[in-house]
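I have placed the structure first, in the form of structure tokens, so that the comments after it can refer back to it.
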Amino acid sequence: MAAADQQPAAIPLSGPIGGTGEDAPAATHLELFADYSQIHVLDEESEADFSDVWTGQSVLDGLGVTDDALAIRTAVNYTVAVAVHVLADRPDDDSAGFDHVVEASLRVASGRLVVLGCTDYFPDAARFELPAGWTRLRASRRNLAAAVSTLDFEGEPETLEEVRLQVWPAPPSAADVIKRWARVEE
């Protein structure tokens, strides 16, 4: 589960976004610019076109799905904290600690998963070694109300949207919204 040599800047996260205890999986922490309010997770050899994945429903779900790539919608159009966990098995449900949680399958034929901001430079993106084949991804997001309530684009910890990505080998199955966050307009 090695990440590529070049990684976006690592940042501390507020609280145990990746779990606690000695048996908690090691995480790679990234700071990504969520341009167009999205980050992308895809097979290194993917040629995915995200232009058709955003429908009214997928925007509400916060998830755009293709065969070998996923677009995770963020609540903000600026920097987000991302923790990536490569796991051997499906993790326990800890959605109570998050605002919005979705799951989907993607095919990682190359055995290398790429995680990047929507407009990031692909060759410099973080990469993770996985077993080639179908993978399940859970995207758990939190601190959404604080992130959208401020115009602070400096990424202060108390206003930073946090995204935890957990990936594990699994047969393909339908995308699922485990927990839905609804933005409250003031």
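The values are calculated or read from the model by the stated rules, or taken from the named source; none is laboratory data. Small disclaimer: the values here were computed from a predicted structure and weren't measured. Because the Cβ atoms are built from the backbone with ideal geometry, glycine has one as well, and the counts that use them run over all protein chains shown. All accessible areas refer to the heavy atoms of the entire protein, side chains included, with ligands and DNA or RNA removed. Shrake-Rupley method; radii C 1.70, N 1.55, O 1.52, S 1.80 Å.
Annotation note: Cβ proximity below 6 Å between a residue of the range 136-154 that is among the polar types (S, T, N, Q) and a residue that is open to solvent by 40 Å² or more (accessible area, probe 1.4 Å) and modelled with pLDDT of 95 or more (sequence gap 6+ or interchain) occurs for no pair. Apart from one condition, TYR36 fits all of (1) in a strand (DSSP E or B); (2) open to solvent by 60 Å² or more (accessible area, probe 1.4 Å); the exception is (1). Output the residues belonging to the range 96-144 that are closer than 19 Å to LEU60 by Cα and either of a type in the set (D, E, K, R) or exposed (fewer than 15 other Cβ atoms within 10 Å of the Cβ) (or both). The answer is ASP99, GLU103, ARG138, ARG141, ARG142. Residues that are modelled with pLDDT under 85, farther than 23 Å from ALA27 by Cβ and either part of a strand (DSSP E or B) or not aliphatic (A, V, I, L, M) (or both) within the range 155-186 comprise ARG183, GLU185, GLU186, listed in sequence order.
Considering only residues of the range 68-91 that are part of a strand (DSSP E or B) and open to solvent by 10 Å² or more (accessible area, probe 1.4 Å), which is modelled with the lowest pLDDT? Walk me through how you get there before you give the answer.
First, the residues of the range 68-91 that are part of a strand (DSSP E or B): 69-73, 79-86.
Those left that are additionally open to solvent by 10 Å² or more (accessible area, probe 1.4 Å): 73, 79, 86.
On the way: ARG73: 95, THR79: 91, VAL86: 96.
Checked the range 68-91; the qualifying residue modelled with the lowest pLDDT is THR79.
The residues in the range 92-108 that are under 16 Å from VAL82 (Cα atoms) and in a loop (DSSP other than H, G, I, E, B) can be counted, and the count is 2.
Would the range 109-121 turn up any residue that is farther than 19 Å from TYR36 by Cα and among the hydrophobic types (A, V, I, L, M, F, W, C)? Yes, there is a match, as at least one residue in the range 109-121 is farther than 19 Å from TYR36 by Cα and among the hydrophobic types (A, V, I, L, M, F, W, C).
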